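Colleague: Below is one structure. I have some questions about it.
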């Protein structure tokens, strides 16, 4: 169901409409200063202002407050059976923003849970799937953590070998100079190969897991 537009809007709604769409902080100030009046508006006007308020909070990066407001938007859209607002699926759009807000404040599991539900609602939404893969890649998988730690260790060993070679001088280790060069290069290459291999496996696992969501 589409949110209907009023042919005889209230004065407070007209005042709100005069605010520039990109003036997000002005929208927030207006809503918060006149919240008591807004709560007493007809539902369609109140809901439109609530959506605008939530969108403004999201766009300025006030994610914690946005998450609270998004809960109200989602509840109202379900209770009043409002799916579309200005040709946007407000339920799915708000859920996506909520997942993005959780991602920004590093609550990856909560973001993942929401995105999984969105994929179930619309499995063909490539944007949501791509975001879900990004969120899942933030999960601290033990074997990936270990591989990263080993790679860093290999880089450090390579740097140590280079420093020793420089400090002792080529004349001292002249007979072994070529072998030393091969050694630190081998440590660096091994670190890179290990990291790429493990990250590649993890990306493949995530890709398959997302595609299996039904």
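Colleague: Pop a pseudo-label 7 angstrom from the Cα along the beta-carbon direction at both residue 86 and residue 40 and give the gap in nm to one decimal.
Modeller: Distance between label points: 2.7 nm.
Colleague: How high is the relative contact order of the chain, given as a whole-number percent (alpha carbon pairs under 8 Å, six or more residues apart)?
Modeller: Values: 184 pairs, mean separation 33.7, N = 214.
That works out to 16 percent.
Colleague: While we're on this one: What's the angle, to the nearest 10 degrees (0 to 90), between helix 43-60's Cα axis and the longest principal axis of the chain?
Modeller: 20 degrees
Colleague: Based on the alpha-carbon set only, what is the convex hull volume of the chain divided per residue, in Å³?
Modeller: Per residue, the Cα convex hull of the chain comes to 164 Å³.
Colleague: How far is helix 24-33 tilted off the main Cα axis of the chain, in degrees rounded to 10, range 0 to 90?
Modeller: Long axis of 24-33 versus the principal axis of the chain: about 50 degrees.
Colleague: May I pose another question? For the range 94-214, just say rounded, prolate or oblate: build the C-alpha gyration tensor, square-root its eigenvalues into a ≥ b ≥ c, call rounded for a/c under 1.5, and beyond that prolate if a/b exceeds b/c, oblate if not.
Modeller: prolate
Colleague: Can you compute the equivalent ellipsoid semi-axes for the range 11-136, i.e. the square root of 5 times each eigenvalue of the Cα gyration tensor, sorted largest first and rounded to whole Å? Before the final figure, lay out the partial values.
Modeller: Values: eigenvalues 147, 51, 28 Å².
Over the Cα atoms of the range 11-136, the ellipsoid semi-axes are 27, 16, 12 Å.
Colleague: Cα-based Rg of the range 142-211 per 2.2 N^0.38 Å, rounded to two decimals?
Modeller: 1.52
Every read-out reported here was derived from the displayed coordinates using simple, explicitly stated rules and does not represent laboratory data. Because the structure is predicted, anything quoted here is derived from the model rather than measured. Every residue, glycine among them, receives a Cβ derived from its backbone with ideal geometry; neighbour counts consider all protein chains shown.
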